[in-house]
Each structure stands twice: as structure tokens, then as C-alpha cells.
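Report on the structure given below.
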């Protein structure tokens, strides 16, 4: 309810309306406080979904994965908003966060994670969730940039878009997110190799999850190389960002969705 209420508030106060002489400012203290309370409640609901009871195994499925990704993405936005103007991401992220909160209740996790007590697995799991959430935030940021560019070309500016930083500044922030997320994804793959070899005796199992994870890594590597060597920017950079995130989303969330929902297997 807090996520939805804040999304409606930001829609009315930022997104709609005619261009004003004074563009909107950043988050007000009361907006920041309510968002922090929503994040706390979301985190508690995630904890109860992942650890359903004392002595029970850690459970993690596609619904919990999406919910945790969204929770971390909104948390990163909340922290980053202290240092950079990220207006507009609320309208994209908060409705998704509200929907993701309900997912573990609608589709409870049936998949018990093996070896969850292993330090190597916990490190791999943490890096993967951080990488997923930062790439999600980058994808939302890319969508916002695409909408802002389209409105700028059409001359249809609202207080929100009038208050956004220049597109070059937003693009610099996007690539900062991608650089950090790419480093985390690289560490995720490396720890995945070490964890798999330690537990199962083989470095990297060849399955669709591995294929899509490596495909995502290659897409983002190509994007960063293209940015460095050929100056990729604008729509080219946005398209590669969304393609890389789509491949990453299919790696774990997509595979768990097929197993749990389509095939009915834990």
C-alpha cells in the first residue's frame, strides 16, 4: 500500500501537469521516510518468504527472486537519491515493487536451496542478487532516458522532465551503474564456477541458466567495449542495456518460472 500510495503521489506531483517555472526538487524528507518504511516492510516480508520457519531450509523461487531484485533496486535508488538526481525512477520502480511484494504470496517458493549454509554459496548468492538489482535499476534508468529523449524531441515537457539532469549526465549515471553491475556479474560467474566445482565436481554446468548468464555478460562486455572504443551512446546504448538485462532475467528467473509454473516442478 505504501508503494502504491507513493507511486500515485509521484505521478500527480511529478509526472503530470504543465511545465513550471521551477522544476521539481528531489525527494522531500517525508517522501524519503515513507519509502524507507516501505522498504523495511518489504524486507521483512522477504525474510519470512525465504526463511519460512525455524529449522526449515532456505527457499528461493522465481517470485522471491523478482521480489528481492526489486527490493534491492529500490533500496539502491533510495541511497543513490542522496547523491544524484534520479527523479522519474519512482514512477517506473514503485508500481513494479508493489506487484513484486505480492508475488511470493501468490506463488510461494517451493525450491529448497541446497548447500545454503556454505560460505561460498552465500557469497555467490549475494553477488548475484546485487548484480541483478543494479542491472534492473540500469534498465529502468534506460527506459526513463528513452522516454525523456522522446518527449524532448516532441517538445512535451512536464515538471518531472524539466527537472531531470541533461541526457549526457543521465547517460554517465547509467554507465556508472552498468560498470558496477558488470563487475558484480563477473564476480558472480567466477564464484559460481568455484562453488560448482567445490560442490558438484565440475566447473560450470552447461544448461540454459549458464548460457543466458554468459550471454548477458557478453552483451554488457560488448556494450562497455563499444562505449570505450566507438563512443556508443543514445539509443544504441539503451538497446544493448535492455537486451543484456533481458538475457540476465532469463538466466535464473526465467528458468525457475518455467520449472515452477509451467512444469509444476520444485
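The figures follow:
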| quantity | calculated |
| --- | --- |
| Filter pass, residue 156 being closer than 25 Å to residue 46 by Cβ, out of contact with any helix residue (DSSP H, G or I) (no Cβ under 8 Å at 6 or more places or on another chain) and either modelled with pLDDT of 80 or more or not in a helix (DSSP H, G or I) (or both) | no |
| Any hit, the stretch 1-9, residues being more than 23 Å from residue 165 (Cα to Cα), in a loop (DSSP other than H, G, I, E, B) and modelled with pLDDT of 85 or more | yes |
| Some residue of the stretch 105-113 being under 21 Å from residue 187 (Cβ atoms), surrounded by fewer than 18 Cβ atoms within 10 Å (Cβ to Cβ) and either over 20 Å from the mean Cα position of the chain (by Cα) or at pLDDT below 85 (or both) | yes |
| Test result for residue 165, touching a helix residue (DSSP H, G or I) at 6+ places or on another chain (Cβ under 9 Å), modelled with pLDDT under 80, surrounded by 15 or more Cβ atoms within 10 Å (Cβ to Cβ) and within 21 Å of residue 238 (Cα to Cα) | yes |
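The values are calculated or read from the model by the stated rules, or taken from the named source; none is laboratory data. Small disclaimer: the values here were computed from a predicted structure and weren't measured. Methodologically, a virtual Cβ is constructed for each residue, glycine included, from the backbone with ideal geometry; neighbour enumeration extends over all protein chains shown.
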